[in-house]
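The values are calculated or read from the model by the stated rules, or taken from the named source; none is laboratory data. The shown structure was predicted, so the numbers you read here are calculated from the model rather than taken from an experiment. Ideal geometry is used to build each Cβ from the backbone, glycine not excepted, and the neighbour counts take in all protein chains shown.
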């Protein structure tokens, strides 16, 4: 898959996530410490109960380590976005900074 096709596929998937209400945007993840229970509570409060991909603008150790033991939840950075992960996970959880980075690259 060449670069243009990949960009178009990612744009298309992101648009479909918005249309299907499978995109959740949060201000930021404010975790005080690395606790899976806190992340589980956060996801429940966001009403994310399906498989979810958490897209971060850059590496956030607290979020990554807190989410890694949750079943069906994966964290990724905007720089490593790929078509497979976007299709595999039903919900996409983004921070405001992630949205800004995505707009810079794919808008």
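Some observations on this one:
- Selection status of residue 6, surrounded by fewer than 15 Cβ atoms within 10 Å (Cβ to Cβ), in contact with a helix residue (DSSP H, G or I) (Cβ under 8 Å, 6 or more places away or on another chain) and part of a helix (DSSP H, G or I): yes
- Pick from segment 36-47, criterion touching a helix residue (DSSP H, G or I) at 6+ places or on another chain (Cβ under 9 Å) and touching a residue at least 24 places away in the same chain (Cβ under 8 Å), ranking: surrounded by the fewest Cβ atoms within 10 Å (Cβ to Cβ): 36
- Unmet criterion (only one of (1) out of contact with any helix residue (DSSP H, G or I) (no Cβ under 8 Å at 6 or more places or on another chain); (2) touching a residue at least 40 places away in the same chain (Cβ under 8 Å); (3) surrounded by 12 or more Cβ atoms within 10 Å (Cβ to Cβ)) for residue 23: (1)
- Matching option when the condition is more than 13 Å from the chain's Cα centre (by Cα), farther than 14 Å from residue 102 by Cβ and either at pLDDT 90 or above or assigned to a helix (DSSP H, G or I) (or both), among 11, 37, 32: 37
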